[in-house]
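Everything on this sheet refers to the single structure shown next.
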Amino acid sequence: MRRFSLSSLLSESLNGHKGWGRQWRDPQPKPAYDVVIVGGGGHGLATAYYLATVHGITNVAVLEKGWIGGGNTGRNTTIIRSNYLYDESAALYEHALKLWEGLSQELNYNVMFSQRGVLMLAHNLHDVQSFKRHVYANRLNGIDNEWLSKEECKEFCPPIDISGSLRYPVLGGALQRRAGTARHDAVAWGYARGADARGVDIIQNCEVKGIRRDASGAAIGVETTRGFIGANRIGVVAAGHTSTVMAMADVRMPLESYPLQALVSEPVKPVFPCVVMSNAVHAYISQSDKGELVIGAGTDQYTSYSQQGGLHITTHTLDAICEVFPQFTRMRMLRSWGGIVDVTPDRSPIIGKTPVKNLFVNCGWGTGGFKATPGSGHVFAHTLATGAPHAINAPFTLDRFRTGRLIDEAAAAAVAH
Amino acid sequence: MAQPFRLPRGGRVDRTRPISFTFNGRTIEGFQGDSVASALLANGVHLVGRSFKYHRPRGILSHGSDEPSALLSVDRGRGRIDPNNRASVVEARAGLKTQSQNHWPSLEFDVGAVNDLLSPVFVAGFYYKTFMWPRKFWDKVYEPIIRGAAGLGKAPVEADPDRYANRHAHCDVLVVGAGPTGLAAALAAAKTGARVILADEGPEPGGSLLHDVTSEIDGRPAAAWLAATLADLDARENVILLPRTTVFGYYNHNHVALTERVTDHLPGATGTAPRERLWQVRAEQVVLAGGSHERPLVFADNDRPGILLAESVRVFINRYGVAPGRRIVFATNGASAYTCAHDAKAAGLDVTLVDFRTESECGPELGRLRAAGVEVLTGHTVVGSKGRKRVTGLLVAPVGSDGRCGGRRLLPCDCVGMSGGWTPAVHLFSQSRGKLAYDAARDAFLPSVSAQAERSAGAANGAYDLAACLAEGYAAGAAAAASEDRRSFTATPTATGFKPVRIMPTDADPTKQRAFVDFQNDVTAKDIKLAVREGFQSIEHVKRYTTTGMATDQGKTSNMNALGIVAGQLDKSLPGVGTTTFRPPYTPVTFGALVGPARHALFDPIRTTPIHEWAERQGAKFENVALWRRAWYFPRGSEDLHAAVARECKAVREGVGIFDASTLGKIEVVGPDAAEFMNRLYVNPWLKLEPGRCRYGLMLKEDGYILDDGVVARVSQDCFHVTTTTGGAARVLGHMEDYLQTEWPELEVFLTSTTEQWSVIALQGPKARAVIAPLVDGIDLSPEAFPHMAMRTGTICGVPTRLFRVSFTGELGFEINVPSDQAAAVWEAIFAEGQPHGITPYGTETMHVLRAEKGYIIVGQETDGTVTPDDVGLAGMIAKAKKDFVGKRSLARPDVVATGRKQLVGLVTADPKLVLDEGAQIVSDTNQPIPMRMLGHVTSSYWSPNCGRSIAMALVADGRLLMGNTLHVTTPEGFTTVTVVDPVFFDPKGERINA
Amino acid sequence: MLLIDCPYCGKRPETEFRCGGQAHIARPTDPSALSDADWSEHLFVRANPRGVHAERWNHIHGCGRWFNALRDTVSDRFIETYPVGSEPTTGSHPSQGTEPTRSTQTETRA
């Protein structure tokens, strides 16, 4: 792997940049691997990376039916935070946040992790109570989060309208300063490059069409558009398509896949210093390094694989944005798009074993998966390598839906992820 | 001289109506009908901006909405400044102030142009390779610099004084684009009587006919045909013609979104007219006739001001009467530029044409142009341009079949019109999820398989000949209206066809050349090659790595060139590299248009009760609860929340308080099977409840967690009066309807929401009976005849009432249900009657405190969707004998019956004056390391005036086993000590309620 | 925004409707007889098909009636709508209709 640095960049600039090679190879699939990962999004690529770096397992293939990072990794609003209420979620997302904090250096790829702060606005007394509950719980879990008065919110993020003229006036907010955003594509590419350099095969345009099982029922490989690929263990990290892939092994999942939309404005000079989430009015917003306002909308109400949602979802989100930030009505929507998010009944992920031997799954991240990418990959790699969950993903079993031990952040706080 | 580049004649501008506006403070004169771009060009202004990354001088590339470079800030008055306006689509009008963007200190001298010198470093994706050390520098140093350099214009900083409107419409045929194709389509559809909407983004319908001064249609000049056709359409009542209206989004089931710019082009006050209007059209059929976009040629320094698209040169000359230059070189690989050259020559300009094609590859256009006296160099490539802030010459060279260049020749010029071929505007087709197919003959992706009820026609479908467009449009319009009508048109033949070329061959080192593909994002051909070299081979990867096609024009001029370069590098076919899926919007749309009037009071409906105005007159403070605005407290004099609530709380327990409970949800459950229905839905038993009696009902979701609660009265054998929480009314009714209709359709039950029909006046306190006694008729109010949890019907103040004897305060209390239209009068009568008793109005805050003193839960405060009846100590409500009810099975799941669940308890602080924060966390040991084990959290916490101390309710793990134990609760300053107690703080024996 | 053909009112915009998730999941007549695993299956497991999906809709801001629909989740095209308690007329009855019982929509907001 050619190391990225200022000096390598400068020396290449004198050379017409002819010396840069591929960031990852384009290998032909081998007949079999120790681990096959189905899905070349951020989570799948991170899993492969940590299998190689932490567990020394490099005979690994990541199979991607399109191009890596082309699903939700490249379609989300890139918010990263760890201020979750329940201990289980807090541990998972804080694990990820700590990995984010050193990720550019670890990968030698600038993922532009920017700790600009995530401010969640409270618009009613119930929000205030709920956010304070988060602040207190986070602090006892070692996660930074602080309560701001509405004036402090305004100071931290000047575009916020804290006047009483809003339909639901801003009463204050909870701020996690270590939270922020990152460059989503770079995360996929950085992990791909790092994994590839350690021998992982990243195989694009390779769609999994079946999961082959032996007489005992154990999974032994995958049928793909590029032939059969054997595997000692298979990790399915297919986000919105998880139900479809797991059905190939006759495993039925507590998942539904919904369209989730987002949009960006035209780029402008810096005007928005942080990330603001407003759950009462259903909106979240930040400004990218390129200058675009990045705005997330909610899910549509029906399941769909179309990567397209209704206009009314978008307009409702912009209603909220313009309500809280009235100076933005003259801004323009430049681009909108949709992803397919897989949602569990308790809105928390499933990371672990399945009823089928050698088949593992990492799914159900709903609307909040991007922020977990490094942590998710790290604990899933542990699970695949050892056959047993890491302490952090142990609570996120498929079995919790039988026992009732749900981890329902949304119910507890009415907080969008 | 004003407007030195205005041609002496021609164009559709109104020369009798001069206008002026400013550009960077300089006065620009033009005519009514000019765009800002055409007026700038008329004044000889080509340098209008600086590019995104390298701050290169940039001019006007195009005449339409595909413009990538000429982006201006436009100031229409206070609060009406916005950035990134395309000069080519902003209509010039008096009083505009326009400014160029992205430079410092000035457009002419821009320090940022140093980036241009550093361009060898600032290649595609360079930022992924550096800025990583030292780690802290990213947030503090690198990123702020990158951000400051990025962005184009400046965001508005003031609230927008303009208003925006929203309209929904239905039509039989929506025609997108009012060029020749769209006009023919609209005409054909309109003739059938179909309801037609014809939308065009331009200020004037006509499309290419607006600048076609030589063609004839059916024996008439094109302009005459256009005028006649518009008159015809205008006379038809079934046609809505929308100019200045961009069809920007094609959504599911022919839901199509349009944005109409209503007033931006009008000078002066525009009254109450909105600035823009969002049209959401549900069309039976759609005809896509949005035309096509011209491609630039990719050669070194193809971005200089003065280098335009060839067709745009023609537009400025013919439509606006403006010469973009006096000495114009057209560079092309196809036939259409010859028409442009013809028109330029006819306008008296000095014209040369350079064609990449060989002599034999050219059509009859070649001979015609030469016959008109224009020098044409065939078989030539363009290797570069001269000039800095304005092009001064074009470097061309003959190119052999082996791609080798011959000797260079400099063609001096002050304007270049380039044409790299045409790309049909398939954006909306792609948005509709139709499948595109590559057509090699036209080197374009064309609509192939439709996914919705639409059809493409004309240039948007790859047809470029005028007669063909008209016939295709007519056929599409007729077919969309289910008519067999077809007709042909006679029209002057259009010069069409081109020979695709991705990068113009050059004799220079290509790694040193900057040939721009995406003008706005400064993406060059070598950036794209670098991306491919680094392994980015899907077009989506290349886009994201280089940012090509990601600018405000969304790649309208650049996508095909980028795709072609990638395909060339990989030696693949174009479709092998893939095409990007187009997403809404077609062109940028203001947030304001999308939002419309949905702000402030119209953001969400505000629900108020009949008592609301009375409360306002009393000076009540209000809080938002769901959609309702409820009286929060009633301050007297200078009282704050705490003082008012303390007074109200005392008044209720010592005398009588009056409270507006009208927001409670109410549902009438009626029918022979009503009791059975209630039995299946609630945890409680209902079959034996006698008419005239009430019961506190608890309702679960199927997962066993509490959904809602409320008092239910059995009005008669087959009628229940159900109440719900304020926020839960719609949810509970929906829940009931769902089960009734889909699970138990055999039950004969009818559900009716009566929330708005009944207003509820709660009268609480020892003197409550005395207050209402004189007003009530037909009901024996004595405790024996009318005990707690009873309901009677009668009249109050002569108004029919369902009178509940219930209490959410622990005091003697009544909830007086009266028809809403008479509620205010009854309220005032009771209030007057209560004066001698010191009747005190109280709000939601006092209601909360009083119920907390009694340990009553509020669903949504003590519960959060993860709480079971047993968790909050209400397991006793569950009818043991019932075999089933909604949620029962889930209560038997392993984790729900396990120990360690959080249970409702009371907490009292060691310091009685300290009121805990709601949401505060509880631990048993403050010395444990972080992360600490948390036992639970405070759900409710108040100063209790009646207990003379603070009180709190909390959910604590195994809390009921911890009675009397000491725990620790977080405060803003650290931990404080509390004791676990029973959650009933006041009148624990519950005697007062039976008074 | 979808255009939905309510069997009782005709075609109306999606904003008048509420989606109720997968259809043809009858509530067990005796939930207490189910194992935890079977009950969990009923409550939570969903077909989530990529293709034809039988789902429930409620015309909540119209007639208030629940009905079923077959919709292709890839194209979002409705194949048909039909009353509760009846079967679709289209031959492509989704396979999940024969599965054991699963439940109504889970509701997680208090």
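The values are calculated or read from the model by the stated rules, or taken from the named source; none is laboratory data. As the structure is a computational prediction, the values presented were derived from the model and not from experiment. We place every Cβ from the backbone using ideal geometry, glycine too, and count neighbours over all the protein chains shown. Note: accessible area is taken over every heavy atom of the protein model, side chains too, but ligands, DNA and RNA are not part of it. Shrake-Rupley method; radii C 1.70, N 1.55, O 1.52, S 1.80 Å.
Computed values, structure above
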| item | result |
| --- | --- |
| Test: residue in segment B:254-271 that is within 14 Å of chain C (Cβ to nearest Cβ), under 18 Å from B:Ser430 (Cβ atoms) and surrounded by fewer than 24 Cβ atoms within 10 Å (Cβ to Cβ) | yes |
| Within segment B:646-656, tally of residues that are open to solvent by less than 10 Å² (accessible area, probe 1.4 Å) and under 46 Å from the mean Cα position of the chain (by Cα) | 2 |
| Members of segment B:64-90 that are buried (at least 22 other Cβ atoms within 10 Å of the Cβ) and acidic (Asp, Glu) | B:Asp66, B:Glu67, B:Asp82 |
| Selection within segment A:309-350 - within 7 Å of chain B (Cβ to nearest Cβ) and under 20 Å from A:Gly369 (Cα atoms) | A:Ser336, A:Trp337 |
| Condition met for B:Pro493 (out of contact with any helix residue (DSSP H, G or I) (no Cβ under 9 Å at 6 or more places or on another chain) and not β-branched (Val, Ile, Thr)) | no |
| Within segment B:435-467, considering residues that are hydroxyl-bearing (Ser, Thr, Tyr) and outside any loop (DSSP other than H, G, I, E, B), the one least open to solvent (accessible area, probe 1.4 Å) | B:Ser456 |
| Residue match in segment B:510-518 (condition: within 29 Å of the chain's Cα centre (by Cα), modelled with pLDDT of 95 or more and not assigned by TED's automatic domain parsing to the domain that holds B:Phe356) | yes |
| Any hit, segment A:73-87, residues being more than 15 Å from the chain's Cα centre (by Cα), outside any loop (DSSP other than H, G, I, E, B) and not aliphatic (A, V, I, L, M) | yes |
| Where a residue in segment B:469-491 is part of a loop (DSSP other than H, G, I, E, B) and its partner, wherever it lies, is aliphatic (A, V, I, L, M) and open to solvent by 60 Å² or more (accessible area, probe 1.4 Å), with Cβ under 8 Å and at least six apart | none |
| Subset of segment C:48-75 [surrounded by fewer than 24 Cβ atoms within 10 Å (Cβ to Cβ), within 9 Å of another protein chain (Cβ to nearest Cβ) and not in a strand (DSSP E or B)] | C:Pro49, C:Arg50, C:Gly51, C:Ile60, C:Gly64, C:Arg65, C:Thr73, C:Val74, C:Ser75 |
| Among the residues listed as A:Gly102, A:Gly56, A:Gly69, the single one being out of contact with any strand residue (DSSP E or B) (no Cβ under 6 Å at 6 or more places or on another chain) and more than 9 Å from chain B (Cβ to nearest Cβ) | A:Gly56 |
| Top-ranked residue in segment B:694-728 [being open to solvent by 20 Å² or more (accessible area, probe 1.4 Å) and of a type in the set (A, V, I, L, M); ranked as farthest from B:Asp864 (Cα to Cα)] | B:Val715 |
| Meets criteria (open to solvent by 30 Å² or more (accessible area, probe 1.4 Å), basic (Lys, Arg) and not assigned by TED's automatic domain parsing to the domain that holds B:Leu210) for B:Arg93 | no |
| Breaking point among (1) surrounded by 24 or more Cβ atoms within 10 Å (Cβ to Cβ); (2) in contact (Cβ under 8 Å) with a residue 60 or more places away in the chain; (3) away from chain B (no Cβ under 14 Å); (4) not hydrophobic (A, V, I, L, M, F, W, C), for A:Thr354 | (1) |
| Elements of type helices (runs of 4 or more DSSP H) in segment A:106-208, at least 2 residues being open to solvent by less than 10 Å² (accessible area, probe 1.4 Å) and in the same structural domain as A:Gly74 (by the TED database) | A:184-197 |
| The one condition in (1) free of Cβ contacts under 8 Å to residues at least 24 places away in the same chain; (2) closer than 30 Å to B:Gly268 by Cβ that B:Tyr128 fails to fulfil | (2) |
| Members of segment A:18-49 found to be of a type in the set (Gly, Ala, Ser) and without any contact (Cβ under 8 Å) to a residue 40 or more places away in the chain, listed by number | A:Gly19, A:Gly21 |
| Hits in segment B:198-250 (condition: farther than 22 Å from B:Thr587 by Cα and acidic (Asp, Glu)) | B:Asp212, B:Glu216, B:Asp218, B:Asp232, B:Asp234, B:Glu237 |
| Close pairs from segment B:743-763: first under 16 Å from B:Trp827 (Cβ atoms) and away from chain C (no Cβ under 14 Å), partner among the β-branched types (Val, Ile, Thr) and assigned to a loop (DSSP other than H, G, I, E, B), Cβ under 6 Å, at least 6 apart | none |
| Within segment B:526-585, considering residues that are basic (Lys, Arg) and touching a strand residue (DSSP E or B) at 6+ places or on another chain (Cβ under 8 Å), the one farthest from the other protein chains (Cβ to nearest Cβ) | B:Lys556 |
| Sole residue being outside any helix (DSSP H, G or I) and without any contact (Cβ under 8 Å) to a residue 60 or more places away in the chain, chosen from B:Leu209, B:Leu198, B:Leu174 | B:Leu198 |
| Elements of type helices (runs of 4 or more DSSP H) contained in segment B:594-698, each with 1 or more residues being among the hydroxyl-bearing types (Ser, Thr, Tyr) and within 14 Å of chain A (Cβ to nearest Cβ) | none |
| Subset of segment A:1-17 [at the interface with chain B (Cβ under 8 Å from one of its Cβ atoms), surrounded by 15 or more Cβ atoms within 10 Å (Cβ to Cβ) and free of Cβ contacts under 8 Å to residues at least 12 places away in the same chain] | A:Ser8, A:Leu9, A:Ser13, A:Gly16, A:His17 |
| Of the criteria (1) of a type outside the set (A, V, I, L, M); (2) open to solvent by 10 Å² or more (accessible area, probe 1.4 Å); (3) in a strand (DSSP E or B); (4) closer than 23 Å to B:Leu961 by Cα, which one B:Tyr942 fails | (4) |
